[in-house]
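To start, the structure itself, in structure tokens.
The values are calculated or read from the model by the stated rules, or taken from the named source; none is laboratory data. Only a predicted model underlies this, so the values are computations on that prediction, with no experimental measurement involved. We place every Cβ from the backbone using ideal geometry, glycine too, and count neighbours over all the protein chains shown. Heavy atoms of the whole protein, side chains included, go into the accessibility calculation; ligands, DNA and RNA do not. Shrake-Rupley method; radii C 1.70, N 1.55, O 1.52, S 1.80 Å.
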Amino acid sequence: AGAGDDLGMARVVVPPPDPFRPTFDPLSPAGAVTGQLRYVTENLEVEQTIEPVEAPRIVPPLSLTPHPERIVMRSGTSLPPLRIDARNNTGETIETRIRVGDAVAPLRLAPGNGTHIEVRVPTPTAGRYRLEIGAEGVAHGRVRSFAYDHIGRTGWIEPAVIEVLVADLAIPEGIRIGYVDGGGDRAGIRLAQLGMTVAPIEAADLAGDLSRFDTIVVGFRAFGTRRDLAASRDRLHAFVRDGGHLVTQYHRPQDGWDAMRTPPARLAIGSPSVRWRVCDPTAPVTILAPDHPLLNWPNRIGADDWSGWVKERGLYFASSWHPAYEPLVAVSDPGEAPLEGGLISARIGAGRHTHVSLGLAQQMDALVPGAFRLFANLVQGARRP
């Protein structure tokens, strides 16, 4: 177009698109926004569809993001104020009221600004709840975004929701828990939400006095991702012998797990994984040690605690172990032999080592009540009979 030509530009309101269309056309990745270019050259009229190199992000006027997305709490405790981050995606001031259930909070946002508000909601009774977040008179939603080299930056819009689990469970009072984060789970966060005293363990802590902890929980695959942890295994063994409780979550053999050197006593991880996992989340669970303290205190684990599981029962079950270890449960996929290496525990010196390949951390992320009840038992101190 020549200088001064009218390009026919106009302000167009486009609803947020679904970036995951049923069919994807690699020749038309932008989807919702395109343009038609018409021009004449040497008496030849040309029409061409043009698209942005990267698909534009079309978002609602108001973005609402809860923090955290999931809350777990014990019956009889109070629901904390719900924090909601809000962002004005328009060029105009937004005035509205944010509603969560019957609770409301006023919101006034200047163009392009963001803020956070707190909404106090009455504590519900025991159960699981889905609290939808709304804005009166303003289109809104939660904006999730991600980027990859082959598709650029994109995202999707979904309802802003906070999921809450109010669980009937007890916790071992007064237990000091250290949590070694391997980057694969949020068990430490979930335990803290229940009101337990949880401290992250970093390299300096591993080199310091471990006796300040009653229980140390090692996250998924942490022996493979934390060199400081792998270098401290002798100190962890001493922690157990001196009366501490070490709880290790699932590891693969290639995650720095040496059957003879990583645990306080010999414990081998099954391989290949397809042989040592239980894929059916509804697979029946047999209690092998009904009187064991880890299954009875502070919560008595029963049939209901194995209900509502998602994805799978567990993976990378232990395949063999020192006689000191006692298998607590047996579980298998239909038609297969029972596996007993999903939850095993051993008295070692004055302390205890418990290895759990059951997918408890995933179940806690999915707000499965039984997983919280069992994990609360697993972090009890080792000095109980």
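Here are the numbers for this structure:
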quantity	calculated
Average accessible area per residue (Å²) across the chain - probe 1.4 Å, nucleic acids and ligands excluded	51
Heavy atoms of His140 accessible to a 1.4 Å probe, total area in Å² rounded to 10	70
Carbon and sulfur %, accessible surface of the stretch 24-151 computed with the full protein complex present, 1.4 Å	48
Antiparallel bridges, percent of DSSP beta bridges restricted to the chain (to nearest 5)	70
Kirkwood Rh in Å, taken over all unlike Cα pairs in the stretch 273-385	14.2
Reciprocal of mean inverse Cα separation for the stretch 93-163 (Kirkwood radius, Å)	14.4
With every protein chain in place, the stretch 233-352: carbon and sulfur % of accessible area (1.4 Å)	51
Whole-angstrom gap from the stretch 333-362 to the stretch 191-220, using each part's C-alpha centre	21
Value of relative contact order over the stretch 94-233, rounded to a whole percent, pairs C-alpha under 8 Å and six or more apart	18
Range in the chain, longest, excluding exposed chymotrypsin sites (Phe, Trp or Tyr not before Pro) [loop by DSSP; at most 16 other beta-carbon atoms within 10 Å]	25-385
Within the chain, helix-based [θ] at 222 nm, where runs of 4 or more DSSP H residues each add -39,500 (n - 2.57), nearest 500	-2500 deg cm²/dmol
Radius, Kirkwood style, for the chain when every pair of distinct Cα atoms is counted (Å)	24.4
Sparse-neighbourhood loop sites, GluC sites (Glu not before Pro) in the stretch 74-153 - DSSP loop, at most 13 other Cβ within 10 angstrom	Glu92, Glu136
Low-density loop cleavage sites - trypsin sites (Lys or Arg not before Pro) in the stretch 319-385, where at most 16 other Cβ are within 10 Å (DSSP)	Arg383
Between the stretch 250-317 and the stretch 68-84, the alpha-carbon center distance in angstrom	29
